[in-house]
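Visitor: Provided herewith is a single structure, encoded as structure tokens, for subsequent inquiry.
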Amino acid sequence: DYRYPTRLNCAVELLDRNVERGRGDHPAIITPEETLTYRQLQERVNRICNVLTRELGMVPGNRVMLRSANNAWMTATYLAVLKAGGVVVATMPLLRAKELGQMLEKARVSHALCDAKLREEMDKAAAASGHLRHLAFWGDGDLESRCAAQPAEFTACDTAADDVCLIGFTSGTTGLPKGTMHFHRDMLAICDGYSRHVLRPGPDDRFIGSAPLAFTFGLGGLVLFPFRVGATGILLEKAGPDELLSAIEKYRATITFTAPTAYRVMAGKAEGFDLSSLRKCVSAGETLPRAIFDAWERATGIRLMDGIGGTEMLHIFIAAPEDSLRPGCTGLPVPGYQARVVNADGREVPRGTPGWLAVRGPIGCRYLDDPRQADYVRGGWNITGDVYIQDEDGYFRYQGRGDDMIVAAGYNIAGPEVEGALLTHPAVRECGVVGAPDGKGGMLVKAYVALRPGHEPGEALAKALQEHVKAEIAPYKYPRVIEFLEALPRTESGKLQRFALRRMANP
Ligand code: 3SK
């Protein structure tokens, strides 16, 4: 049941309650640099709240951008913004100034807190912003010394359960990010839904994973789910498969949250590590191929728990508990959610027929000032971009993406955005970007490029174009493969036939 009191501050429920209930001395977060108990984290959060409200003039409802890899300060600033009644606008560490600028403007961000390690792009975006008034950094001693001068007590803002507390950005198919708004109660609902009913963690669990806290998959799996039960989140700034394996061994992690591609690599290296602490492993962010499920089970004896979620719905809404999971299927709707497969008119199709996945539940999909709301939310149902089949017995089976998004290595990448970056290179006349099989059960970003006169196709130019994209937008979006064409397939009216490119890329 997802009923909450009308006045509710999720930071109080997730953090302060642990101290009140005797978990004050239990580790809340462990990082390679520091371990903070619930009491120590509460103290840091309170000091940041005081900096925000007394020094930086933050008032309830202000939007605060956060920019950092996963570490203790990122967690503390996140909770502090929530506790002080602000609205978190968390950003992926790899984003560039252009992408940050779009978010600053769209969300009318007034304050930003940033790890000094990532200051370069933040400074550039801040200089161009018409809304940002206060920017503070940690890691260079600034926020640290401001905090030291503030009291360790703070009375939480008396927020409503339905006050917006998070604007999570998701890349749209056009590459223009959509902001999805979430309430204080939503942050608890994912804990009381997916986590409680499917994952079923206990207070001695230690959660670990690779997703940034700016991605709600990471936020839930590494902070909200453990905190709801007084458990521990292990945060790594660098969390490639090797770092993850070493950290599972070192910190005796019990629950992992990462993408199938990471499990594939880790399965091949697992032999060299003591992974005996692991109990449950969650796979999401992209579809889980059967071969990876089998490889992980062979390597660890653990059956991967697949799931599909979305920034729009905050976290996973279809999954299966260990005792009813079925390899090859994503699972069943999380208790409290409904899912169905619909046609283009929004009508449910017969079982076994592919169609669009539609979902509704305790968390609504609310875009920030975006006309696409009417396309993606119909009658309370969020129409996801995924094509699914529902089996006779109710299990949902993934078929593919139905739009221009490419899901590669756990990232959602909008083909048109990569095209936009390529087109700013002087050699590129036209281009199309689609997903292509990576030969290991996943997808990679592939670009088809036609050149302007005077430019020669070849490896050197392909490399230059890749570097150019990395400098323009978040580097993980760069095309891993570039194929040169004389011209791109177009309709009579001149529209790029992306489906024809998709066919070429997926022979
Ligand atoms: O499936 C996903 O991509 C996702 C997105 C946001 C939060 C959680 C998940 C699993």
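The values are calculated or read from the model by the stated rules, or taken from the named source; none is laboratory data. For clarity, every value in this text was computed on a predicted model and none was experimentally measured. Please note: Cβ atoms are built from the backbone with ideal geometry, for glycine as well, and neighbour counts cover all protein chains shown. SASA here: full protein model, heavy atoms, side chains in, ligands and nucleic acids out. Shrake-Rupley method; radii C 1.70, N 1.55, O 1.52, S 1.80 Å.
Visitor: So what's the angle, to the nearest 10 degrees on a 0 to 90 scale, between helix 72-83 and the longest Cα principal axis of the chain?
Guide: Helix 72-83 and the main axis of the chain meet at about 70 degrees.
Visitor: Please list the non-local residues whose amide H lies under 5 Å from the amide H of Arg96, H modeled 1.01 Å from N, same-chain partners needing a gap of 5 or more.
Guide: For Arg96, the qualifying residues are Ala474.
Visitor: Shifting gears a bit: To one decimal place, what orientation-averaged projected area in nm² is obtained for the convex hull of the Cα set of the chain? Show your work: numbers first, answer last.
Guide: Values: hull surface 95.9 nm².
Result: a mean projected hull area of 24.0 nm².
Visitor: Counting pairwise Cα distances across the range 213-254, what percent come out greater than 13 angstrom? Write down the numbers at each step before the final one.
Guide: Numbers: 485 of 861 pairs.
I get 56 percent for the Cα pairs in the range 213-254 exceeding 13 Å.
Visitor: Ok, one more. So what's the convex hull volume per residue for the Cα atoms of the range 120-250, in Å³?
Guide: 203
Visitor: Just to be sure I understand the curve: with the Debye formula and one point per C-alpha of the range 168-226, what is log10 I(q)/I(0) at q = 0.16, 0.17, 0.28 Å⁻¹?
Guide: Debye intensities relative to I(0), on a log10 scale: -0.57, -0.64, -1.19.
Visitor: How much length would be gained if the chain were fully extended between Asp375 and Ser277, taking 0.36 nm per residue of separation minus their Cα-Cα distance, in nm to one decimal? Could you put the intermediate results ahead of the total?
Guide: On the way: separation 98, 0.36 × 98 = 35.28 nm, distance 4.49 nm.
Separation in residues times 0.36 nm, less the Cα-Cα distance, equals 30.8 nm.
Visitor: Roughly how compact is the range 19-153, stated as its Cα Rg over 2.2 N^0.38 Å to two decimals?
Guide: Working: Rg = 14.6 Å, N = 135, 2.2 N^0.38 = 14.2 Å.
Rounded to two decimals, the normalised Rg is 1.03.
Visitor: Something else about it: In Å, the Kirkwood hydrodynamic radius of the range 398-507 over pairs of distinct alpha carbons? It would help to have the intermediate numbers written out before the result.
Guide: Working: mean 1/r = 0.0710 Å⁻¹.
Here the Kirkwood hydrodynamic radius works out to 14.1 Å.
Visitor: Output needed for the range 301-383: three equivalent-ellipsoid semi-axes, defined as square roots of 5 times the C-alpha gyration tensor eigenvalues, in descending order, whole Å. Present the calculation step by step, with values, prior to reporting the outcome.
Guide: Working: eigenvalues 123, 53, 19 Å².
They are 25, 16, 10 Å, listed largest first.
Visitor: Starting from the amide H of Arg366, placed 1.01 Å from N in the peptide plane, find each other amide H under 5 Å away whose residue is 5 or more places distant or on another chain.
Guide: Excluding prolines and chain starts, which carry no amide H, the hits are Met181.
Visitor: Per 0.36 nm of contour for each residue apart, how much would the distance between Glu392 and Asp345 grow if the chain were fully extended, relative to their Cα-Cα spacing?
Guide: On the way: separation 47, 0.36 × 47 = 16.92 nm, distance 2.21 nm.
The span from Glu392 to Asp345 would gain 14.7 nm if fully extended.
Visitor: Around Leu213, under 13 Å between beta carbons, what's the net of Lys plus Arg minus Asp minus Glu among the other residues? If you can, show how the numbers build up before the last one.
Guide: Values: positive: Arg67; negative: Asp115, Glu237.
Overall, the nearby charge balance is -1.
Visitor: Find the percent of Cα-Cα distances in the range 221-368 that exceed 23 Å, and round it to a whole number.
Guide: On the way: 4573 of 10878 pairs.
That fraction is 42 percent.
Visitor: Could you give each residue of the range 13-30 its phi-based ³J(HN,Hα) in whole Hz, using Karplus coefficients 6.51, -1.76, 1.60 with θ = phi - 60°, and x for Gly or Pro?
Guide: 5, 8, 10, 4, 4, 5, 5, 4, 8, x, 9, x, 9, 7, x, 8, 9, 10
Visitor: By how many degrees, 0 to 90 and rounded to 10, does the Cα axis of helix 38-50 deviate from the longest principal axis of the chain?
Guide: So the helix axis and the longest Cα principal axis differ by about 80 degrees.
Visitor: Also: If one computes the Cα centroid of the range 454-477 and of the range 273-324, what distance in Å separates the two points?
Guide: Each part's Cα centre sits 35 Å from the other's.
Visitor: For Val377, which sequence-distant residues (separation of 5 or more, or a different chain) have an amide H within less than 5 Å of its own amide H, given hydrogens modelled in the peptide plane?
Guide: Ile383
Visitor: When the dipole is taken about the Cα centre of the chain, and only Lys, Arg (+1) and Asp, Glu (-1) are charged at their Cβ, what size is it in debye, to the nearest 20?
Guide: Numbers: 60 positive and 61 negative charges, 89 e Å.
With only Lys, Arg, Asp and Glu charged at Cβ, the dipole is about 420 debye.
Visitor: Measure off 7 Å from each Cα along the Cα-to-Cβ vector at Lys269 and Asp142, then give the distance between these two points in nanometres to one decimal.
Guide: In this crude label model, Lys269 to Asp142 measures out at 3.5 nm.
Visitor: Can you tell me which lysines have their Cα less than 29 Å from the Cα of Lys477? Leave out same-chain residues fewer than eight positions away.
Guide: Lys98, Lys106, Lys117, Lys124, Lys178, Lys238, Lys269, Lys440, Lys446, Lys463, Lys495
Visitor: How large is ³J(HN,Hα), in whole Hz, for each residue of the range 181-198 in order, when computed from phi with the Karplus curve 6.51 cos²θ - 1.76 cosθ + 1.60 and θ = phi - 60°, using x for Gly and Pro?
Guide: For the range 181-198, the Karplus curve yields 9, 10, 8, 4, 5, 4, 5, 7, 4, 6, 6, 7, x, 3, 5, 5, 8, 9 Hz.
Visitor: What is the calculated FRET efficiency for Asp1 to Ala427, with r their C-beta to C-beta distance and R₀ = 51 Å, to the nearest 0.05?
Guide: Values: r = 59 Å, r/R0 = 1.16.
The formula returns an efficiency of 0.30 here.
Visitor: Would you work out what percent of the accessible area of the chain, with all protein chains in place, is carbon or sulfur (probe 1.4 Å)?
Guide: On the way: 9790 of 19780 Å².
Heavy-atom surface of the chain belonging to carbon and sulfur, 1.4 Å probe: 50 percent.
Visitor: Let's test this: bin the Cα-Cα distances of the range 389-442 at 5 Å from zero up to the farthest pair and state each bin's percent.
Guide: 4, 16, 19, 18, 15, 13, 7, 4, 3, 2, 1
Visitor: Next up: Obtain the nm distance between the two label points defined at Lys440 and Glu297 by a simple spin-label model: each point lies 7 Å from its Cα along the Cα-to-C-beta direction.
Guide: The two pseudo-label positions are separated by 2.2 nm.
Visitor: So if we plug the beta-carbon distance of Glu20 and Arg119 into 1/(1 + (r/R0)^6) with R0 = 41 Å, what FRET efficiency do we get, rounded to 0.05? Don't skip to the end; give the middle numbers.
Guide: Details: r = 37 Å, r/R0 = 0.89.
Efficiency, rounded to the nearest 0.05: 0.65.
Visitor: Counting only heavy atoms of the protein chains, get the accessible area per residue of the chain (1.4 Å probe) and round it to a whole Å² value. Let's see the in-between values first.
Guide: On the way: 19780 Å² over 507 residues.
With all protein chains present, the chain gives 39 Å² per residue.
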